[in-house]
1. Between the stretch 51-125 and the stretch 12-33, what is the separation of their alpha carbon centroids in Å?
2. If you take the beta carbon distance between residue 21 and residue 132 as r and set R0 to 35 Å, what does 1/(1 + (r/R0)^6) give as a FRET efficiency, to the nearest 0.05?
Amino acid sequence: LAAGGWWEPICVFENRNGILDTIPTWSYSMGNNLVCEMIMWGCLGNDHLQNETFSAIGDGQRKLFLIPNTPVQFLRTVKINSSPLPDSLFAFDFLSGYFSLRHPLTNSETLKIDYTYSPYCDLGVTNWDQPSGSLLFLNTSPPVGIATKEDLRKTKSNSILTNHSLFLLGEEKGAIIIHDAGGRVVKRFPVPDSKKISLLGLKPGIYFVNGKKVIKL
């Protein structure tokens, strides 16, 4: 658990077999120069990725499920009884792990979600005190993930941006759609004239630009 506050240090409380430490396991203070706004976990370098599978059996009513390992870097596949589920039939929050179906599973259906997450996340903190700047704490554990080269090719576009930096589009040829971490569309661009767009005006947080994860500080 990571926590902070206005003019308070950033604190991390370790989870030891389901019980959180009562005093910070680790902390960092900037005195009055740290006015903590948002705390975000995420694997910025995609070097600690791990693949997992979540399964659930329908009961005819349930539509909401919670993936236990968060934040999720990306969904690999979503299937019901081995058949791929279209994106329009579900919603997913990468930060909290909540997965919602448009229609409940029947008693004979099984939901299977293959996803990737990081058990060794980096920690980002936005700071209201702009002259002091926001903070990024990198997890220095050796890379232990099982991600393949194909996984990295799909997700290497993760970026850290501020109001003054630009997002590199890569090979996108169509319109640009930006979603927030809750799946809501927050910005649209027509087919761009260049390979760069600005996220100026968006609040700090995690966004997805045509499915590519971006952290805005």
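1. Computed from Cα coordinates, the inter-centre distance equals 29 Å.
2. Values: r = 27 Å, r/R0 = 0.78.
It comes out at approximately 0.80.
All of the numbers you see were taken from the coordinates with simple rules; none came from a lab. The model shown is predicted, which means the values in this text are computed figures rather than measured ones. For neighbour counting, all protein chains shown are included, and Cβ atoms are generated from backbone atoms with ideal geometry for every residue, glycine included.
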